[in-house]
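In what follows, a structure is listed as structure tokens, so that the remarks can point back to it.
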Amino acid sequence: MAPIGKIYCYPNNPRVFKILIAAQYNELEVEVAEFELGTDNKKPEYLAKFHNEKVPAFESTEGNIYLNESGAIAYYVASQKEGTQLLGKDKTETSQVLQYILFAENEITPHANTWVNPILGITSYNKAAHSQAVDGLKKSLGVLEKVLLNKTYLIGERITLADIAVSTSLYLPFKLVLDAEFRKNHQNLSRWYITLINQPAFKKVLGEITLAEVAVAYTHSLPPSPLNLEEWKRVYSNNDTRPTAITWFWEHFDPAGYSIWRVDYKYNEELTKVFMSSNLIGGFFNRLERARKYAFGSLVVLGEDNANSISGYFVIRGQEIPEEVSDAADFESYNFQKVDHTDATVKSSFEDFIAWDGHLDGKKFADAFEETIMSASNSLQKDVSIAYFGPEGSYTHQVAIEKFGDSVSYSPQSTINDVFDSVEKGLVTYGIVPFENSTFGSVIATLDRFITCKTQIFAETYFQVYSHPQGFGQCQKYLDTHLKGVQRVDAMSTSKAAEIAASEPYSAAIASIVCAELYGLNILEKDIQDAKINITRFFILGSSSDIPSDDDKTFILFTVDHRKPEALCDALNSFKSQHVNLIKIDSRPSLQRLWHYVFFIELQGHKEDEEVRNALSKLKECCLDIKILGSYPSQRPEITDIIRHLVQNKNYIIYGSWLCRRGELERCDEWQSQKPLKKYLTETPKINDFKKQNCEKCRNNLISSFRLYKQQSKKLDVIPNDKKPNIEIFVNLTWNNHYRVFGDWKCQNCSNRWRSAHTYISLQKFIEKTPGKRLSQDHFYMQQCRRCFNTSLILNYNPIVPNLGIYDNDKPHIIGLCAKCMSGKYCVDAYRD
């Protein structure tokens, strides 16, 4: 049989498969020309026929038909046999065939290529594009899964070009990334695909296809390299770095299979203590566990306390940063820059950093970490020991490891008092105790011991938790709802509770996931805390306080003569007169006599600051007793940490406000800013600039706060003017200034219902902004559901009486306005109220 035409394309192009399979079904022959991409498609004779360099291209035997686009070529081949079923049995089915060809080309192939091409080395890997492609492809395949629920083929009872086009677009995904787990959850799609690829016409073109058991990752697909990263790590760990390990590395380094990256911490100006900087590195490496096979890193702390920085180098498999590295929570806090290993300066610097010697910008190496052993080799910490509250696995234990790393010795203590005793007796260098929880308040045992302790607060730290030694209180709602009749037994800590539950078969514990793993417990329920954001603050105890920094706190206790009128007011006035900001006030019984109390105050500033020193001097004049428990750098995470952790999320708006410390006295103006988070961080050289503004009136430092508003992931549909509702608002100006507008919404997609506070605006202003006194403002009636982001439905448009918060039903209002069709009728009956 003579060929009906010739295809020009490089070998094994999945786009050509559908053309060849269609030819098999129609018993036609199509010649595949020998072709070299990048050469043949640039020749004048090729361009004269097809007018561009795209492949595949088709030329008929007669030489009078020239086609580009694989879908068009496949359609042409499918139509060349009289009575073929490939295009359906009638015009309706032919239209459906075209629908699926376009579906494959627009909704499957682009996502599939973005996912698998980096694996094949065709394109470079991009995390954002990869994630979007995976989600997009799975969404499209979810559509096919539903279509094939009650069908053998996509159209009718026979294989059509629709099946051929869609299945061949999935050729590489099913071979590489749509693994056994995916096929288990998409049984209709998998059954259909396996049926097709086992047809003789498919087998003749595709051969035997082995489906992926485990999805291939980008890093798995890199070509072999003579440098064995695991062997390098062993050489590095077991030999002197200079000259043995360094010589071995350069002898075996493969620039084609590996790349070297300079790494610098973005926020060095915020670093204070060397050991705290080391903790940042330790935490980063702990979260790089998945990258062990693909990366080797050495990061170093340079400098000294209150003047240090973090820098280093990573050796990474491949020429791009793999997801296993970029997905780490701390990744965005570091600058990664690929460097040229042949540059003598770079080579020397790299050797210094992996050898942990030398200096940078006048700063000597103070501490270092490398990915192989994941722990510090800090000579400054050789004799450091830490006492913490609770058995192994407690949150205090986790905080200790987070702050001090693995190179120090740890001593678990049964009670909070034991931690204080260990520090006071010199048995340990530091102690760590919980101080307060954002949900349940202060830890009473810690406050009580401060009354008699001889230790000083050396530092503070925050830790986000989902339970706590005060676990019952933090999970009260869940326990009352689901375990109302179950006996509750207090334990010393959540980790102790987990230890007990492991030995008693009919008991359970409120504890952390770490405790569950440590004691071999099954996790019955996660996230049962009343508040989803649950942060505990810990104090690090030592024999002395820290030296002043740019942002400190001081914690004190004092007692007053309760018999003297206004004694407590006089004490507090000591701080007011010196403009010292009080952050926290607590009280506890003094145990000296009935109804006599000790007051605890945490204030902003260091005890050596002039304002604080003057305030404390005045306080001594009106108090029976005063005790300074310590000054320490502020580690509040609300601004510095949370902003940094959210830096990867581009869908946030930051809104900051500042109030002068003397604002209550002088009513200094409030300063506000609103801009996209990414832009703000780019324009702000130091995160602390957000915390430290100056009042324009008195030049004093301001107290700052901020909120993050999440932007909608989809834009609101813009409705043409001629489609907007024509609804009169019958009002009279005598009551315009006394009413506000409040809207109720209900989602048309998921039935989520809510009220939106940002529509709570002055009715007069709303009318003034609305031309012709008509309801035509997009932002008022076109809301999005916070759950599914679909266009939502206005249920009520009512004026509300200020201060009373009630509707005035004597005034006209609109009920049931559909945001989809702008009529008073609901589009879907299921959403009627």
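Just so it is clear, none of the values below were taken in a lab; they were calculated from the coordinates. It should be emphasised that the depicted structure is a prediction, and the values quoted were computed from it without experimental measurement. All Cβ positions, even for glycine, are placed from backbone atoms using ideal geometry, and neighbour counts span all protein chains on display.
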Once you order the gyration tensor axes a ≥ b ≥ c over the Cα atoms, which shape class does region 1-68 get: rounded for a/c under 1.5, otherwise prolate or oblate by comparing a/b with b/c?
oblate
Under 5 Å from the placed amide H of SER442, counting only residues 5+ away or on other chains, we find ASN437
Between HIS252 and LYS42, what is the label-to-label distance in nm when each label sits 7 Å out along the Cα-to-Cβ direction?
4.0 nm
Counting only residues 5 or more places away or on other chains, whose amide H sits under 5 Å from the amide H of HIS606 once H atoms are built in the peptide plane?
ASP552
Extension reserve of the SER225-ASN185 stretch, reckoned as 0.36 nm per residue once the Cα distance is removed
10.8 nm
How much net charge surrounds THR152 when only the other residues with a Cβ under 13 Å from the Cβ of THR152 are counted, with Lys and Arg +1 and Asp and Glu -1?
+1
Once the piece of chain linking HIS51 and SER79 is laid out straight, how much longer is it, given 0.36 nm per residue of separation minus the C-alpha distance between them?
7.6 nm
Find how many whole Å separate the alpha carbon centroid of region 258-287 from the alpha carbon centroid of region 26-53.
54 Å
For region 6-20, in residue order, the Karplus 3J(HN,Hα) values (coefficients 6.51, -1.76, 1.60; θ = phi - 60°; whole Hz; Gly and Pro = x) are 10, 9, 10, 5, 6, x, 6, 7, x, 5, 7, 4, 5, 5, 5
Linear extension gain, VAL384 paired with ASP340, 0.36 nm per residue minus alpha-carbon span
11.9 nm
Where a ≥ b ≥ c are the square roots of the eigenvalues of the C-alpha gyration tensor, would you call region 5-219 rounded, which needs a/c under 1.5, or, failing that, prolate if a/b is larger than b/c, or oblate?
oblate
Can you tell me the FRET efficiency between TYR267 and GLU566 if r is taken as the Cβ-Cβ distance and R0 is 35 Å, rounded to the nearest 0.05?
0.15
What order, most packed first, do the peptides 427-436, 623-632, 580-589 have when packing is the mean number of other Cβ atoms within 10 Å of each residue?
427-436, 623-632, 580-589
Nonlocal amide H pairs with LEU629, under 5 Å, H built at 1.01 Å
PHE555, ILE556, LEU557
Between ARG593 and TYR410, what FRET efficiency follows from the Cβ-Cβ distance if R0 is 56 Å, with the result rounded to 0.05?
0.90
Report the FRET efficiency, 1/(1 + (r/R0)^6), for GLU402 and GLU62, where r is their Cβ-Cβ distance and R0 is 56 Å, rounded to 0.05.
0.15
Local electrostatic count at ILE4 - Lys and Arg +1, Asp and Glu -1, tallied over other residues with Cβ under 12 Å
-3
Sort 231-241, 567-577 for me by packing, meaning the mean count of neighbouring Cβ atoms within 10 Å per residue, highest on top.
567-577, 231-241
Using each residue's phi in region 136-149, evaluate 6.51 cos²θ - 1.76 cosθ + 1.60 at θ = phi - 60° and report the 3J(HN,Hα) Karplus result to the nearest Hz, with x for Gly and Pro.
x, 5, 5, 5, 5, 6, x, 5, 5, 4, 6, 4, 8, 4
List the residues of region 244-284 whose backbone N lies under 17 Å from a point placed 7 Å from the Cα of TYR462 along the Cα-to-Cβ direction.
270-272, 280
³J(HN,Hα), Karplus 6.51/-1.76/1.60, whole Hz, each residue of region 88-93, x for Gly, Pro:
x, 8, 8, 5, 4, 5
Distance in nm between pseudo-label sites at GLU93 and ILE626 (7 Å out along the Cβ direction from Cα):
9.4 nm
If each of ASP135 and VAL489 carries a label point 7 Å out from its Cα toward its Cβ, how far apart are those two points in nm?
4.7 nm
Set the bar at 24 Å for Cα to Cα. Now go through LYS139/LYS203; LYS18/LYS175; LYS43/LYS81; LYS18/LYS204; LYS6/LYS203; LYS89/LYS175 and name every pair that lies beyond it.
LYS139/LYS203; LYS43/LYS81; LYS89/LYS175
